[in-house]
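**Student:** Would you mind keeping the following structure in view while I ask a few things?
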Amino acid sequence: MREGRKEGPGDLKTDGMIPRRSLGLDAPPVSAVGYGGMHLSIQDRPDEEQGIRVIHAALDAGVTLVDTADVYCLDHRDIGHNERLVARALESRQGDRDDIIVATKGGITRPSGRWETDARPQHLRVACERSLQALGVERIDLYQLHAPDPRVPLAESVGALAELQQEGKIRWVGLSNVSVFQIREAETVAPITSVQNRLNPFFREALAEGVVEYCAGRGMGFLAYSPTGGGRLNRKLPAHPVLQPMAARLGVTPHALALAWVLARSPAVIVIPSARTVEHARDSTGAAELVLSDADLSAITAAEFSRA
Ligand SMILES: NC(=O)c1ccc[n+]([C@@H]2O[C@H](COP(=O)([O-])OP(=O)(O)OC[C@H]3O[C@@H](n4cnc5c(N)ncnc54)[C@H](OP(=O)(O)O)[C@@H]3O)[C@@H](O)[C@H]2O)c1
């Protein structure tokens with residue numbers, strides 16, 4: 001095993017697969033590095049054949065968690081673009097289809113391309129039906145409330161997901177963009193399997209505000225979104241003064257270092273990087289096996305990551 005690579009303390013025994021982590025108490029383990037489909041369907045997206053190649057590259061490399069959303073699309077006329085793409089990519093995966101968990105979301109709309117919240121129960125119900133169709137399934141594996149809607153009591157939004165779960169349309173309920181207070185409130189309404197919030201070296205609020213720690217304590221998976229910084233900030237990684245020399249020394253990419261750092265925050269963390277190229281998808285998946293020394297982790301923790 002070369003320097004910088006070994007199985008991490010929070011990882012389950014894998015028998016040759018990439019390391020897996022628990023998605024949540026009542027759910028099976030999934031690859032510690034998932035795949036987020038957003039950039040295959042929003043502005044600057046590649047053509048659909050390229051999108052399928054990228055999803056297949058991630059799956060071929062061992063990814064078993066694919067994150068999507070009804071609103072990963074251009075605008076309201078294109079709702080479900082990413083879900084349909086994921087469904088198409090999975091059509092040819094007869095061998096490992098049962099092993100792959102697809103997580104989608106409801107609670108946001110895209111009027112004329114804008115991003116607006118709508119987590120009213122009636123909207124979530126319609127959105128869930130549409131996602132079932134777009135994904136071509138009878139039951140969605142993980143259905144996440146995309147974001148709380150300030151106009152709607154959280155208990156009402158989560159209550160709608162609990163009903164959909166009882167009706168067999170959703171297997172597990174997840175939350176996204178929530179505080180510890182909101183997770184606690186949601187737990188009084190439905191069993192919460194996982195939480196998806198932003199976490200990367202530039203944005204550490206999920207650590208500072210205790211969401212990651214809370215999820216770990218409750219046995220919930222924490223799905224770190226934008227784990228390399230997101231569409232704009234990830235481009236700062238290759239020239240970063242701490243990551244660049246560390247990456248050269250270890251023979252990995254700065255993006256892989258960022259993912260390894262996020263994964264090292266807690267055994268509850270699963271990262272869901274996006275990619276529009278096969279090369280990036282493969283590189284990110286490889287980060288599941290990259291475990292950094294305490295000194296390298298501390299150096300990244302102490303480094304400045306400007307959001308400017
Ligand atoms: N719940 C929410 O509100 C929410 C919000 C945002 C995102 N998400 C989820 O999180 C996923 C990821 O978030 P994100 O797209 O904002 O951030 P990200 O994955 O940190 O960054 C996106 C871009 O970084 C580049 N990248 C990633 N890994 C790379 C690697 N190993 N080498 C080189 N470049 C790499 C890719 O560029 P290329 O495209 O050029 O390959 C990718 O498009 C989304 O797909 C979505 O599933 C959820």
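**Student:** State, in angstrom, two size descriptors of the range 43-90 derived from its alpha carbons: Rg to one decimal place and Dmax to the nearest whole number.
**Tutor:** Gyration radius and largest Cα-Cα distance of the range 43-90: 10.9, 33 Å.
**Student:** Still on this structure: I need two numbers for the range 161-226: Rg to one decimal and Dmax as a whole number, Cα atoms only, in Å.
**Tutor:** 12.3, 40
**Student:** If one takes the longest principal axis of the Cα atoms in the chain, at what angle in degrees, from 0 to 90 and to the nearest 10, does the Cα axis of helix 254-263 lie?
**Tutor:** 60 degrees
**Student:** Right, another one. Charges only on Cβ, +1 for Lys and Arg, -1 for Asp and Glu: so what's the dipole of the chain about the Cα centre, in debye to the nearest 20?
**Tutor:** In debye, rounded to 20, the chain gives about 500.
**Student:** Sticking with this one: Give me the extension gain from S112 to E49: residue separation times 0.36 nm, minus the current Cα-Cα distance, reported in nm with one decimal.
**Tutor:** 20.1 nm
**Student:** Here's another thing I want to ask about it. If D99, D283, D47, D296 are ordered by their accessible area, calculated over protein heavy atoms with a 1.4 Å probe, which sequence runs from highest to lowest?
**Tutor:** D47, D99, D283, D296
**Student:** Explain nothing, just compute: Karplus ³J(HN,Hα) = 6.51 cos²θ - 1.76 cosθ + 1.60, θ = phi - 60°, for every residue of the range 298-303 in order, whole Hz, x for Gly and Pro.
**Tutor:** Each residue's phi maps through the Karplus curve to give 5, 5, 5, 4, 7, 6 Hz.
**Student:** List the residues whose amide H sits under 5 Å from the amide H of S274, counting only those 5 or more places along or on another chain, with H placed 1.01 Å from N in the peptide plane.
**Tutor:** The list, which skips near neighbours in sequence, is G36.
**Student:** Accessible area of S266, 1.4 Å probe, to the nearest 10 Å²?
**Tutor:** 10 Å²
**Student:** Write down the accessible area per residue of the range 150-248 in Å², having rolled a 1.4 Å probe over the full set of protein chains.
**Tutor:** 43 Å²
**Student:** Restricted to Cα positions, what overall size does the range 17-152 have along the principal axes? Three whole-Å values, descending.
**Tutor:** For the range 17-152, the Cα extents along the three principal axes come out at 44, 37, 24 Å.
**Student:** Leaving out ligands, DNA and RNA, and with a 1.4 Å probe, what % of the accessible surface on the range 141-243 is carbon or sulfur?
**Tutor:** 51 percent
**Student:** Before anything else, pin down the relative contact order of the chain: Cα pairs under 8 Å, at least 6 apart, normalised by residue count, whole percent.
**Tutor:** The value is 22 percent.
**Student:** So, one more: Which of L59, N234, L40 sits closest to the plus end of the dipole of the chain, meaning its Cα is farthest towards the positive end, when Lys and Arg get +1 and Asp and Glu get -1 on the C-beta?
**Tutor:** N234
**Student:** For Q196, list long-range residues whose amide hydrogen, built 1.01 Å from N in the peptide plane, is under 5 Å from its own amide hydrogen.
**Tutor:** The answer is L175, S176, N177, L223.
**Student:** Sticking with this structure for a sec: Whole-Hz Karplus ³J(HN,Hα) for the range 226-238, in order, using 6.51 cos²θ - 1.76 cosθ + 1.60 and θ = phi - 60°, x for Gly and Pro?
**Tutor:** Computed from phi, the couplings for the range 226-238 are 6, x, 9, x, x, x, 8, 6, 4, 6, 7, 5, x Hz.
**Student:** Let me ask something else. For every helix of n ≥ 4 consecutive DSSP H residues, a contribution of -39,500 (n - 2.57) applies; sum these over the chain, divide by its total residues, and give [θ] at 222 nm rounded to the nearest 500 deg cm²/dmol.
**Tutor:** Computed ellipticity for the chain at 222 nm equals -10500 deg cm²/dmol.
**Student:** Here's a follow-up. Roughly how big is the range 95-219's charge dipole about its Cα centre, with Cβ charges of +1 (Lys, Arg) and -1 (Asp, Glu), in debye to the nearest 20?
**Tutor:** In total the dipole reaches around 300 debye.
**Student:** What ³J(HN,Hα) values, in whole Hz, does the Karplus curve 6.51 cos²θ - 1.76 cosθ + 1.60 give for the range 277-284 when θ = phi - 60°, with x put for Gly and Pro?
**Tutor:** 10, 4, 4, 5, 4, 5, 4, 5
**Student:** Here is a follow-up. Let me make sure I get this right: for the range 167-308, a, b and c are the square roots of the gyration tensor eigenvalues over alpha carbons, sorted descending. Under 1.5 in a/c it's rounded, otherwise prolate if a/b > b/c, else oblate. Which is it?
**Tutor:** Note, shape of the range 167-308 comes out prolate.
**Student:** While we're on this one: Place +1 on the Cβ of every Lys and Arg and -1 on the Cβ of every Asp and Glu in the range 76-142, take the dipole about the Cα centre, and give the residue among A134, G95, Q122 whose Cα lies farthest towards its positive end.
**Tutor:** Q122
**Student:** Next question, about the same structure. Calculate, in whole percent, how much of the Cα-Cα pair population of the chain lies beyond 35 Å.
**Tutor:** Value for the chain: 14 percent of Cα pairs lie more than 35 Å apart.
**Student:** Roughly how big is the range 105-172's charge dipole about its Cα centre, with Cβ charges of +1 (Lys, Arg) and -1 (Asp, Glu), in debye to the nearest 20?
**Tutor:** Dipole of the range 105-172, to the nearest 20 debye: 180 debye.
**Student:** Just to verify a number: what accessible area does D96 come out at with the full protein assembly present, 1.4 Å probe, Å² rounded to tens?
**Tutor:** Answer for D96: close to 50 Å² accessible.
**Student:** Considering only DSSP beta bridges with both partners in the chain, what is the antiparallel share in %, to the nearest 5?
**Tutor:** Close to 20 percent.
The values are calculated or read from the model by the stated rules, or taken from the named source; none is laboratory data. As the structure is a prediction and not an experimental result, all values here were calculated from the model. We place every Cβ from the backbone using ideal geometry, glycine too, and count neighbours over all the protein chains shown. What goes into the accessible areas is simple: the full protein's heavy atoms, side chains included, and nothing from ligands, DNA or RNA. Shrake-Rupley method; radii C 1.70, N 1.55, O 1.52, S 1.80 Å.
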